[in-house]
1. Taking the criterion of being in a helix (DSSP H, G or I) and free of Cβ contacts under 8 Å to residues at least 24 places away in the same chain, would at least one residue in the stretch 175-188 satisfy it?
2. Of the residues that make up the stretch 75-85, is at least one surrounded by 14 or more Cβ atoms within 10 Å (Cβ to Cβ), in contact (Cβ under 8 Å) with a residue 40 or more places away in the chain and in contact with a helix residue (DSSP H, G or I) (Cβ under 6 Å, 6 or more places away or on another chain)?
3. Check the stretch 31-48 and report whether any residue there is in contact with a strand residue (DSSP E or B) (Cβ under 9 Å, 6 or more places away or on another chain) and under 19 Å from residue 131 (Cβ atoms).
4. Restricting to the stretch 152-167, count the residues that are surrounded by fewer than 16 Cβ atoms within 10 Å (Cβ to Cβ), at pLDDT 95 or above and either in a helix (DSSP H, G or I) or touching a strand residue (DSSP E or B) at 6+ places or on another chain (Cβ under 6 Å) (or both).
5. Just to check your reading of the model, which residue among 47, 111 is assigned to a helix (DSSP H, G or I) and touching a residue at least 60 places away in the same chain (Cβ under 8 Å)?
6. Residue check: is residue 89 in contact with a helix residue (DSSP H, G or I) (Cβ under 6 Å, 6 or more places away or on another chain), surrounded by 14 or more Cβ atoms within 10 Å (Cβ to Cβ) and outside any strand (DSSP E or B)?
7. Specify which of the listed residues (70, 65, 23, 14) is more than 15 Å from the chain's Cα centre (by Cα), within 20 Å of residue 135 (Cβ to Cβ) and touching a residue at least 24 places away in the same chain (Cβ under 8 Å).
8. Restricting attention to the stretch 109-122, does a residue exist that is surrounded by 13 or more Cβ atoms within 10 Å (Cβ to Cβ), under 18 Å from residue 146 (Cβ atoms), within 16 Å of the chain's Cα centre (by Cα) and at pLDDT 95 or above?
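The values are calculated or read from the model by the stated rules, or taken from the named source; none is laboratory data. This is a predicted model, so every value here is computed, not measured. Cβ coordinates were reconstructed from backbone atoms using ideal geometry, including for glycine residues, and neighbour counts include every protein chain displayed.
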């Protein structure tokens, strides 16, 4: 499947945050982080909105032409969140989840600690498919299109899979498991995956 996609601009970020909130609504990790289904979509929209704002300037937020799927990549050597957005994470998490903030912030620290540091790489922070299009291949088509650009630059790529159901999909485009970690308080496992430069 071919896909038409473009780099998202500032006007697209709210729509992308909404798309991603729907995509991750039942995700094992993010439903653990935001356990109240009644408020989860709004909480995720706010959280993903901050993530997108903090990385949009890198030019690697992608959305398909029909708003079926979106990706957020962090290019080599750059922080996942540029300032001032990086400094806003703790206060936003406190606002969103209250007494669970310590666990959620601990989970974010686990992600950071597990991140490979030995070799510069593109980091797939987010990949989400609209709930009504899930399983149709559009998300993987967007991922393949992104990886073609990364391959042209001769760079490796890294991601964390928050859902075991996606491991085979990622392996099909060249990612290999390099370990996993568990989130705080007997939380779910997250799989770390690496793809060598082509």
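1. no
2. Yes, the stretch 75-85 contains at least one residue that is surrounded by 14 or more Cβ atoms within 10 Å (Cβ to Cβ), in contact (Cβ under 8 Å) with a residue 40 or more places away in the chain and in contact with a helix residue (DSSP H, G or I) (Cβ under 6 Å, 6 or more places away or on another chain).
3. Within the stretch 31-48 (the criterion being in contact with a strand residue (DSSP E or B) (Cβ under 9 Å, 6 or more places away or on another chain) and under 19 Å from residue 131 (Cβ atoms)), the answer is yes, since at least one residue qualifies.
4. Residues that pass the stated criteria total 2.
5. Matching residue, one of 47, 111: 111.
6. no
7. Sole residue among the options that is more than 15 Å from the chain's Cα centre (by Cα), within 20 Å of residue 135 (Cβ to Cβ) and touching a residue at least 24 places away in the same chain (Cβ under 8 Å): 65.
8. Yes: one or more hits.
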